[in-house]
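Asker: Following this message is one structure expressed as structure tokens.
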Amino acid sequence: MFLGDNAQGKTNLLEAISLLSSGWSPFTSREADLVQWGQERAILRSSIRRAGTTTQLDMWLPAAGKRAVKLDGLPQRRLADILGVVNMVLFSREDLELVRGAPAGRRDFLDRLLVQLAPLYFDASRRYSRAVAQRNTMLRQIAEGTAGVEVLEAWDGPVIRLGAEVARRRAAVLAEFIPRAARWHARISSGSELLEGSYQPGIPGVAAEAVTAPDGGDTGAWTTAFAAALAAARAQDLARRMTVTGPHRDDLVLTLDGREARSFASTGQRRTIALALKLAELELLKEASGEAPLLLLDDVLAELDVQRQNHLLAAIGNEVQTFVTTTHLTDFTAAWIDRAEVFIIRAGAMTRATADELSALARSAQIP
Amino acid sequence: MLYTRTLQALISELQKLPGIGPKSAQRLAFHLLRQPEAEVRKLAAALLEAKERIRTCSRCCNLSESDPCELCLAPRDDAVVCLVAEPRDLVALERTREFKGRYHVLGGLISPMDGVGPEQLKIAELLARLQATDRIAEVILALGSTVEGEATSLYLTRLLKPLGLKVTRLAFGLPMGSELEYADEVTLARALVARREV
């Protein structure tokens, strides 16, 4: 547990772990923001100890330009080469909004899971985003009369090829993920409510078999559907100056007892669903890699009630190394505090809590 | 300001170079100041001379000191023209010593986000070149596998095919001397699709 006031560097620590594990910062989408203002680069170093072996994983993030990654001191050609070396699940306050929030949040959630399960997905997804951004710029230029419509078709090629790949992989991971989330949900809610989920692809007209196929179906099915959808929506794309179909419009639709959770679930129900989604993520990563991922709980634990904290603690068991950040210990159950090593973070420096500090902290913890 | 005006001016100029941040610019500036005057003069002279003497070849649009360039004047196969994005791509292909045809340097790839459309590339020059002679039978697209390379290839294919030319692109294959298990799955999947009968 990392205890400290706001803006002391707690989140920085989790961000570093997240970058090394998934390549993504959960807190900023701007690469330049990862480097302290006025500095040329940020450097992350980590040692991952497993039974009998230690792996060294380092990342160099320049303020401008490409990241460099090293595995045991050896430079790796691509970022994808280090993804999945250590897996992690991040649970933050924003995740409590997964159910009610915009589809983009659910897509990001899926993508973070996917890059760890299939590292090369990172490449496909980044290239797809870039191809769509290029095509959208093109659409604006056509509307402004600075580019001709004949160039647009050239961008359809990479958009369709990469978009089909992204969609197929998302369908594949959801076929694995949804049943696990439903099982966790049944366990936490003691079976009183039924959670169901379905992939709602941003590519209309895909054969239903592909959407629910365990491996995401045949890429050809997605390619054909996307090509047709893009052609059909061309006039609309031109009018709205953006690409209106494609996996960048995907959503994961969750229902509770048949009613859409996004609009109908209560705050408590949404928290239970969010917890079930995170536990399913943990389970899937564990099954895929044969090793429990790291669990990062950013300022979120205190938001969960006693019953949910207990479910989470039981799921963690003895094998999930967990990093918890918090501003205070008052809302934690004693079981959490007893099992934790507590560090205090002040102005970016970390110290292990002394016995005195610990007993003072424990006294102020109110939940028995 | 911490540095004298002259030193600050040098640092600012260096910082305009690609990949050079404020600290690298400072380091380079101090390095230059420590050098003997003759070395610095050599660098300045090389910069100016390169800028003054190097131009683009009016045929293939490659960088050259003469026009037409040496490659355009050399006895090579006029029937095949290989399209590359940048002069450095041409150099990479020349190093293989396997290609005996002509080149055409586009000067970039279509990238709307960078304000590069077909009209910013040397495509009009290519079309003029194709029109001027009927000896060109094949155009090879060697534009890389980035999304920009892929889009530019598609654009050019649609432009050139109707002219009755054979349009080919480089194969997507496995790196030589590497073992299959180390190839990334995108490369492997594409190599599988483009497999050949033996």
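Asker: Would you pick out the residues in region B:154-169 that are under 14 Å from residue B:126 (Cβ atoms), more than 8 Å from chain A (Cβ to nearest Cβ) and hydroxyl-bearing (Ser, Thr, Tyr)?
Answerer: Scanning region B:154-169 gives a single hit, B:157.
Asker: Residues B:134, B:184, B:114: which one is out of contact with any strand residue (DSSP E or B) (no Cβ under 9 Å at 6 or more places or on another chain), within 26 Å of residue B:57 (Cα to Cα) and at the interface with another protein chain (Cβ under 10 Å from one of its Cβ atoms)?
Answerer: B:114
Asker: Before we move on, is residue A:169 free of Cβ contacts under 8 Å to residues at least 60 places away in the same chain, within 13 Å of chain B (Cβ to nearest Cβ) and closer than 24 Å to residue A:58 by Cα?
Answerer: No; evaluated as a whole, the condition is false for this residue.
Asker: While we're here: If I filter region B:24-34 for residues that are surrounded by 11 or more Cβ atoms within 10 Å (Cβ to Cβ) and modelled with pLDDT under 90, do I get at least one hit?
Answerer: Scanning region B:24-34 turns up at least one residue that is surrounded by 11 or more Cβ atoms within 10 Å (Cβ to Cβ) and modelled with pLDDT under 90.
Asker: If residue B:110 passes every condition in (1) under 30 Å from residue A:80 (Cα atoms); (2) at pLDDT below 90 but one, which one does it miss?
Answerer: So residue B:110 meets the others, but not (2).
Asker: Moving on. Report whether or not residue A:346 is under 20 Å from residue A:96 (Cβ atoms), of a type in the set (Lys, Arg) and touching a residue at least 12 places away in the same chain (Cβ under 8 Å).
Answerer: no
Asker: Go through region B:110-134 and report how many residues are exposed (fewer than 13 other Cβ atoms within 10 Å of the Cβ), in a loop (DSSP other than H, G, I, E, B) and among the aliphatic types (A, V, I, L, M).
Answerer: 0
Asker: Among what's in region B:159-184 and is among the charged types (D, E, K, R) and surrounded by 14 or more Cβ atoms within 10 Å (Cβ to Cβ), pick the residue that is farthest from residue B:83 (Cα to Cα).
Answerer: Per the criteria, the residue is B:184.
Asker: Taking region B:149-158 as the search range and keeping residues that are buried (at least 23 other Cβ atoms within 10 Å of the Cβ) and in contact (Cβ under 8 Å) with a residue 24 or more places away in the chain, which one is farthest from residue A:160 (Cα to Cα)?
Answerer: Per the criteria, the residue is B:156.
Asker: Which residues, taken from region B:135-148, are farther than 23 Å from residue A:138 by Cβ and buried (at least 19 other Cβ atoms within 10 Å of the Cβ)?
Answerer: Matches in region B:135-148: B:136, B:139, B:140, B:142.
Asker: Can you tell me which residue within region A:316-338, out of those that are of a type in the set (A, V, I, L, M) and touching a residue at least 40 places away in the same chain (Cβ under 8 Å), is farthest from residue A:290 (Cα to Cα)?
Answerer: Top of the filtered list is A:329.
Asker: Counting only residues that are crowded, with 16+ Cβ neighbours inside 10 Å and within 14 Å of chain B (Cβ to nearest Cβ), give me the strands (runs of 3 or more DSSP E) lying completely in region A:9-77 with at least 3 of them.
Answerer: Output list reads A:53-62.
Asker: Quickly run through region A:23-55 and pick out the residues that are farther than 19 Å from residue A:294 by Cβ and either in contact (Cβ under 8 Å) with a residue 40 or more places away in the chain or charged (D, E, K, R) (or both).
Answerer: A:30, A:31, A:33, A:40, A:41
Asker: Another question about this same structure. Could you say which residue among A:140, A:187, A:130 is basic (Lys, Arg), surrounded by fewer than 21 Cβ atoms within 10 Å (Cβ to Cβ) and in contact with a Lys or Arg (Cβ under 8 Å, 6 or more places away or on another chain)?
Answerer: Answer to the check: A:140.
Asker: Residues being free of Cβ contacts under 8 Å to residues at least 12 places away in the same chain and either in contact with a helix residue (DSSP H, G or I) (Cβ under 8 Å, 6 or more places away or on another chain) or assigned to a loop (DSSP other than H, G, I, E, B) (or both): count how many of those fall in region B:59-72.
Answerer: Number satisfying all stated conditions: 3.
Asker: Give me the residue from region B:160-178 that is within 20 Å of the chain's Cα centre (by Cα) and of a type outside the set (A, V, I, L, M) and, out of that set, modelled with the highest pLDDT.
Answerer: Looking at residues that are within 20 Å of the chain's Cα centre (by Cα) and of a type outside the set (A, V, I, L, M), I get B:168.
Asker: For a quick check of your reading: which helices (runs of 4 or more DSSP H) sit entirely within region B:1-56 and have at least 2 residues that are basic (Lys, Arg) and either more than 14 Å from chain A (Cβ to nearest Cβ) or under 27 Å from residue B:87 (Cα atoms) (or both)?
Answerer: Counting at least 2 such residues, we get B:37-53.
Asker: If you take the residues of region A:136-152 that are more than 7 Å from chain B (Cβ to nearest Cβ) and within 36 Å of the chain's Cα centre (by Cα), which of them is farthest from residue A:124 (Cα to Cα)?
Answerer: Going through the qualifying residues, I end up with A:143.
Asker: Is there a residue being touching a strand residue (DSSP E or B) at 6+ places or on another chain (Cβ under 9 Å) and within 30 Å of residue A:100 (Cα to Cα) anywhere in region A:284-292?
Answerer: Within region A:284-292, one or more residues are touching a strand residue (DSSP E or B) at 6+ places or on another chain (Cβ under 9 Å) and within 30 Å of residue A:100 (Cα to Cα).
Asker: Same structure, new question: Could you name every one of the helices (runs of 4 or more DSSP H) located completely within region A:205-287 that has at least 3 residues being out of contact with any Lys or Arg (no Cβ under 6 Å at 6 or more places or on another chain) and closer than 30 Å to residue A:308 by Cα?
Answerer: Helices (runs of 4 or more DSSP H) meeting the threshold: A:261-264.
Asker: Which condition breaks for residue B:75 when tested against (1) more than 28 Å from residue B:149 (Cα to Cα); (2) part of a helix (DSSP H, G or I); (3) free of Cβ contacts under 8 Å to residues at least 12 places away in the same chain?
Answerer: The one condition residue B:75 does not meet is (2).
The values are calculated or read from the model by the stated rules, or taken from the named source; none is laboratory data. Given the structure is predicted, the values throughout are model-derived calculations rather than measurements. All Cβ positions, glycine included, derive from the backbone under ideal geometry; neighbour counts span all protein chains shown.
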